[in-house]
Amino acid sequence: MNVRPTALPGVLVIEPQVYRDQRGWFFEAYQQARYRERGMAPAFVQSNQSHSTRGVLRGMHYQLGRPQDKLVRVLAGTVLDVAVDVRRGSPTFGRWAAQELSGENLLQLYVPKGFAHGFYVTSDTADVEYLCSDYYAPQEERAIRWDDPTVAIAWPEGPRNIAPKDAQAPLLRDQPDLPAYGVP
């Protein structure tokens, strides 16, 4: 597998080695030793999957007391997957990185602890799977606004279908609960 850095240290694009022939294709979606060799060491304990239609925007979420590393991939369809550095004191605080993930390109995005995560569906439908290094803890879930003008994520044009809790999330500067840079 190839691992490419993004503009945010620790947020990585993974291109798995895909074996293609006349029958289709095969690849290892996750193999712990290979990911550890490349600096991604979490033990994943939960797998989440979502099905969304065009224009759905999910995010920008993170967990505070039980932070999660995430490994995100698209099983079918296409999304713009986004990570935002929300670690107070980080040299890249408030910056974002994005990658198109699809059932065709088979790329994955590794989003470490301390980053908010979300995605926008650009195909008719999309099935997204992400592995998490800690369990979902609703009392620890936090969000920043998807359209925070200071962060200024360049979302694709098109319809927006956003959950009320995401549409009403605080701006990054108003977020009382942020992880600290350099704290595991």
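The table for this structure:
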| item | result |
| --- | --- |
| CD proxy at 222 nm, helix term only [per DSSP H run n ≥ 4: -39500 (n - 2.57); per residue of the chain; nearest 500] | -1000 deg cm²/dmol |
| Separation in nanometres of the label points that stand 7 Å from Cα toward Cβ, at Trp25 and Tyr136 | 2.8 nm |
| Cβ-placed point charges (K, R +1; D, E -1), dipole of region 2-174 about Cα centre in debye, nearest 20 | 380 debye |
| Alpha carbon convex hull of region 1-154, projected area averaged over orientations, nm² | 9.4 nm² |
| Cα pair distances of region 113-184 binned at 5 Å [whole percent] | 3, 11, 20, 25, 21, 14, 5, 1 |
| Options Pro149, Val111, Gly10, ranked by Cα towards positive dipole end of the chain, top entry (Cβ charges) | Gly10 |
| Whole-angstrom gap from region 129-180 to region 1-64, using each part's C-alpha centre | 20 Å |
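Read-outs throughout are calculated quantities, based only on the coordinates presented, and are distinct from any laboratory measurement. Predicted, not measured: the structure shown is a model, and the values here were computed from it. Cβ sites come from the backbone with ideal geometry, for glycine too, and all protein chains shown count toward neighbours.
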